[in-house]
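Derivation of every value follows stated rules applied to the coordinates shown; laboratory data play no part. Note that the coordinates shown come from a computational prediction; the quantities given were computed from them, not determined experimentally. Cβ atoms come from the backbone with ideal geometry, glycine included; neighbour counts cover every protein chain shown.
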Amino acid sequence: MKPLLRRVDLLVFALCLGPLWIGPTLPAEAGGLEALHSFVSQFQSARGEFVQRVSNGQKTTQSSGQFIFARPGKFRWSYQKPYEQVIVADGERLTVFDRDLNQVTVRKLNDALGATPAAILFGDNALDKSFDLKDAGSRDGIDWLEATPKSHDTTFERIDIGFRGAELASMQLHDALGQTTELVFSHVERNVPVTADTFRFVPPAGADVLQN
């Protein structure tokens, strides 16, 4: 077991980044909340690379890989280093494949998405249903907002999201175990064409398939 990487709800649902895209400019007085709604409404699909760091105050674990998504609810999140793991959502199901274990886990997407960072990044624009959102001021040229899950059935206590103008600059995830997750994205392409096959996963021969 690789504890900092095997927690699916910490995965992909965890994103923090440097400049993600160059998009329409926002008014100078726009805060983090307005920038977030602009991001959700204007980014219908994207693909790129990521580096993820998970820290518990004593140890930091790093992984990296690639992602692609199409809103709402479709994404493929592939860890490549140091362990291979693929998370795929087709709009109805969330599938996790662990190559080391040769194991596939399938869940209903609505059950897995809930009040997670993935709901912000890959869901629809109804953020107020799952989160209490509020502007959190500006620091070092970044406008921040704080997203607190309304549901208590989540591992995340708070998500801090930062925008530099119209660019998503940072997303810091604080969980109930005292861990912080950060992701840095690169080579991101906005509103790319995608097909349904992109989000279809066929379990490899011999893999254990678990339905949750």
Pairwise FRET efficiency - Thr154 versus Ser186, Cβ, R0 = 25 Å, nearest 0.05: 0.35
Gain on full stretching of the segment that runs from Gln42 to Asn56 - 0.36 nm per residue minus C-alpha separation: 1.7 nm
Least to most buried among Phe50, Phe43 (fewest other Cβ within 10 Å first): Phe43, Phe50
Point-to-point label distance, Arg139-Gln66, nm (Cα→Cβ direction, 7 Å offset): 3.5
FRET E, pair Glu92, Glu49, Förster distance 41 Å, beta-carbon r, rounded to 0.05: 0.95
Set of lysines with alpha-carbon distance to Lys59 below 22 Å, sequence-local pairs under 8 removed: Lys2, Lys81
Residues Phe163, Phe156 arranged by fewest to most Cβ contacts within 10 Å: Phe156, Phe163
Sorted by Cβ density within 10 Å, fewest first, the residues His174, His152: His152, His174
Positive minus negative residues near Phe43 (Lys, Arg vs Asp, Glu; Cβ under 9 Å): +2
